[in-house]
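Written out below as structure tokens is the structure these notes cover.
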Amino acid sequence: MRPVLSRIVDFLNRWKRPLLSALFVMAIAAATRAYDFAGVATGLARDNGLVVEAVTIEGAEKTARSAVLSASGITLGGDILAFDVKTVRTHIENLPWIKLAHVVRILPGSIEIDVVERKPYALWQMAGAIWLIDDTGTPIIETDPALYTALPLLVGEGAPGAVADFAEILKATPDLEKRITSLIRVSERRWDLILDSGVRLKLPESDGSYGPESAWRRFAAMEGKYRLLKREVSILDFRFPDRLVVRLTPAGKRALEKTGRTT
């Protein structure tokens with residue numbers, strides 16, 4: 001314990017005067033709302049060594065470190081007390097990939113910035129361009145769809161604004177979710193899904209008793225039991241709570257005709 005206490009005492013003795021000076025000026029400025037004191041505070045901070053000596057940035061993979069630093073407005077050698085943490089955070093979160101930012105000022109001279117980047121969820125076609133969006137429907141960047149062939153395509157008016165709630169429903173069945181190639185918003189009320197087998201799955205609009213979540217759970221249960229996606233069907237219509245409407249592929253119709261059945 002003694003070495004630790006000794007280091008703490010040394011630190012306080014070293015930085016007591018500059019910290020007290022800066023805090024004194026900041027207290028006066030806050031009490032009087034006289035923002036002309038900002039220049040005085042900056043001078044005191046620099047005279048006493050309270051300047052930005054290091055900026056650590058964590059969590060940025062798609063975003064360049066230089067872009068985060070530029071958006072923050074923080075400069076090495078600048079006054080560490082001169083910026084507002086909330087403002088810096090807002091500026092960083094305005095970057096395309098950044099979902100959340102956490103900014104910590106560590107006196108006397110360090111800044112830590114931790115960011116959480118958005119994860120691409122789907123491609124969205126808008127005005128002739130293809131955009132990456134996250135699972136909240138927020139556009140990230142315009143992109144070449146060939147770079148993200150594993151992502152589904154989001155289509156239809158109002159689709160991005162409605163995808164967040166629906167994405168939560170799909171997360172319960174990740175093996176089926178990853179088989180979706182397109183999410184089509186129909187009349188801004190409901191979803192049609194195109195799966196990798198070519199099957200079109202029709203889901204109902206939101207309703208208190210039977211909605212997209214109930215229909216999706218019903219589909220997942222039937223797929224697990226009957227392997228619907230391996231059958232010769234082109235459409236599975238789950239819009240009705242009391243029945244399933246199925247449309248066969250041409251091959252499926254021929255196979256049915258050979259049995260002598262019509263349904």
Mind checking which lysines have their C-alpha under 29 Å from Lys202, skipping anything on the same chain fewer than 8 residues away? Lys119, Lys171, Lys178, Lys225, Lys230, Lys253, Lys258
Counting only DSSP beta bridges with both residues in the stretch 122-258, what percent are antiparallel, rounded to the nearest 5? 70 percent
Taking the simple approach of a point 7 Å from Cα along Cα-to-Cβ for both Leu76 and Arg243, what is their distance in nm? 7.3 nm
Let me check I've understood the local charge: for Glu61, count other residues with C-beta under 14 angstrom from its C-beta, Lys and Arg +1, Asp and Glu -1. What total comes out? +2
Nonlocal amide H pairs with Val51, under 5 Å, H built at 1.01 Å: Ile80
Calculated FRET value between Arg254 and Ala220, using beta carbons and R₀ = 35 Å, to 0.05: 0.75
Dipole of the stretch 122-258 (Lys/Arg Cβ +1, Asp/Glu Cβ -1, origin at the Cα centre): which of Gln125, Ala164, Thr149 lies farthest to the positive side? Thr149
Need one number: nm distance between label points at Ala146 and Ala172, each 7 Å from Cα along Cα→Cβ, rounded to one decimal. 4.0 nm
The stretch 163-263, convex hull of Cα, quarter of hull surface, nm² -> 6.9 nm²
Taking a crude spin-label model, label points 7 Å out from Cα along the C-beta direction, the Ile106 to Ala164 distance in nm is 3.3 nm
Rg from C-alpha atoms of the stretch 97-208, normalised by the globular rule of thumb 2.2 N^0.38 Å, equals 1.30
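Every read-out reported here was derived from the displayed coordinates using simple, explicitly stated rules and does not represent laboratory data. Here the structure is a predicted model, which is why all the values come from computation and not from measurement. In this analysis, Cβ positions are derived from the backbone assuming ideal geometry, glycine residues included, and neighbour counts consider all displayed protein chains.
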